[in-house]
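The values are calculated or read from the model by the stated rules, or taken from the named source; none is laboratory data. Computed from a prediction, not measured in an experiment: that's the story for all the values here. Every residue, glycine among them, receives a Cβ derived from its backbone with ideal geometry; neighbour counts consider all protein chains shown. Areas reflect the complete protein model, heavy atoms only, side chains present, ligands, DNA and RNA absent. Shrake-Rupley method; radii C 1.70, N 1.55, O 1.52, S 1.80 Å.
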Amino acid sequence: MNRSDRPIGVFDSGIGGLTVIHALRQSLPQEDLVYLGDTARLPYGSKSHRTIERYTLQMGELLQRVEPKLIVIACNTASAHGLPALQAVSPCPVIGVIEPGAEAAAEQNGPVGIIGTLATVGSAAYDTAIRRHDPDRVIYSVACPLLVPLAEEGWFDDPVTDTICRRYLNQLPFEVKTVVLGCTHYPTLMASLERSRPGTHWIDSGRVTAKAVDRLLQGHLGYRTTSARGTLKVQLTDASSRLKEVGSRFLEETLGDVEVVEI
Ligand code: DGL
């Protein structure tokens with residue numbers, strides 16, 4: 001098969017990365033996508049660098065079965081801890097979500113807030129990436145470990161979610177007007193986040209990553225050579241009964257058949 005006609009492989013620690021799939025399907029509807037979610041081992045955000053890096057390498061290896069033309073690490077935590085290791089061994093190019101999110105943040109003026117998992121915030125990966133664009137940028141980071149379970153539970157628009165969002169976001173100084181959603185799950189909590197900090201410019205790292213993928217395809221990787229709508233294949237390392245319902249909310253379309261794969 002022509003390389004440009006191969007699928008794009010996307011992986012995440014769970015189903016949160018379906019928000020990145022949604023962004024990819026909107027901006028590159030003709031591309032075939034294979035999504036791999038490590039639902040058996042979620043969360044990554046509370047684990048150590050060594051473990052997250054190992055999981056990232058294993059997920060990259062699993063995706064090689066579909067011979068992707070590109071791998072997108074949709075998970076911020078895996079991007080923060082496993083991107084260089086996977087890039088070093090992968091036969092195809094690999095991109096993460098941190099660099100596109102950091103680039104978009106650096107384009108804004110003033111201090112930047114980062115919200116993410118404990119492991120993402122602890123890695124300071126966003127800080128490093130933003131400072132590559134603007135060494136003097138003031139950055140504040142807040143780890144928000146309770147937001148992933150709230151999103152996985154489907155509490156997208158709920159007073160409890162509002163209270164927790166407010167508690168986390170109030171840790172950012174008032175002058176912070178740009179906040180990076182440094183976790184795949186957070187775009188689903190937008191209503192609560194917006195109510196907790198109205199008027200903020202939110203950077204959805206998934207959406208800006210879709211633009212980065214577009215640039216790569218436009219370059220040497222190439223677009224799929226047919227204009228028919230691309231397929232979406234979803235593989236998970238474990239499938240619970242509620243997954244279809246919550247997954248469809250993340251994807252913003254009905255989640256079709258899910259294949260369970262052994263890790
Ligand atoms: N998907 C992860 C991320 O984007 C968060 C979930 C987890 O902790 O595994 O950082």
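Taking amide H positions as placed 1.01 Å from N in the peptide plane, with prolines and chain starts having none, which residues 5 or more places from Val234, or on another chain, fall under 5 Å of its amide H?
Tyr35, Glu259
Give the lysines whose C-alpha is closer than 27 Å to that of Lys177, dropping any in the same chain fewer than 8 places away, or say none.
Those lysines meeting the cut-off are Lys211.
Could you tell me whether the range 1-94 comes out rounded, prolate or oblate from its Cα gyration tensor? Rule is a ≥ b ≥ c as square roots of the eigenvalues, rounded for a/c under 1.5, then prolate if a/b exceeds b/c, otherwise oblate.
oblate
Take the chain, connect every pair of alpha-carbon atoms lying under 10 Å apart with a spring to form a Gaussian network, then pick out the residue of Ala102, Ala40, Ala78 with the largest mean-square fluctuation.
Most flexible of the set in this elastic network: Ala40.
Return a whole-number percent for the relative contact order of the chain, with Cα pairs under 8 Å and 6 or more residues apart as the contact set.
On the way: 526 pairs, mean separation 71.5, N = 263.
Rounded, it is 27 percent for the chain.
What does the accessible area per residue of the chain come to in Å², with a 1.4 Å probe and no ligands, DNA or RNA counted?
Per-residue accessible area for the chain comes out at 44 Å².
How large a share of the accessible area of the range 25-159, in percent, is made up of carbon and sulfur atoms when the probe is 1.4 Å and the other protein chains stay in place?
Details: 2800 of 5440 Å².
The value for the range 25-159 is 51 percent carbon and sulfur by accessible area.
What's the extension gain from Asn109 to Ala88 if we count 0.36 nm per residue and subtract their Cα-Cα distance?
Numbers: separation 21, 0.36 × 21 = 7.56 nm, distance 3.41 nm.
Stretched out fully, the Asn109 to Ala88 stretch lengthens by 4.1 nm.
Could you sort Asp136, Asp162, Asp238 by their accessible area in this structure, using a 1.4 Å probe and putting the largest first?
Asp136, Asp238, Asp162
What FRET efficiency would be calculated for the residue pair Gln30, His133, taking the C-beta separation as r and a Förster radius of 25 Å, to the nearest 0.05? Each step should come with its number before you reach the end.
Values: r = 31 Å, r/R0 = 1.24.
About 0.20, to the nearest 0.05.
Can you spot the lysines whose alpha carbon is less than 18 Å from Lys233's alpha carbon? Ignore those fewer than 8 places along the same chain.
Lys69, Lys244
Can you pull the accessible area of Arg224 for me, 1.4 Å probe, Å² to the nearest 10?
Using a 1.4 Å probe on the heavy atoms, I get roughly 40 Å².
Can you give the Kirkwood hydrodynamic radius for the chain, in Å, rounded to one decimal and based on Cα pairs?
After inverting the mean inverse Cα-Cα distance, the result is 18.3 Å.
Which value in nm describes the separation of the simple spin-label points at Ser227 and Phe156, placed 7 Å from the Cα toward the beta carbon?
The modelled label-to-label distance comes out at 3.1 nm.
Roll a 1.4 angstrom probe over the protein heavy atoms and tell me the percent of accessible area of the range 192-263 that is carbon or sulfur.
The value for the range 192-263 is 48 percent carbon and sulfur by accessible area.
Given the convex hull over the Cα atoms of the range 145-212, what projected area results after averaging over all orientations, in nm²?
Computed as one quarter of the Cα hull surface, the answer is 4.6 nm².
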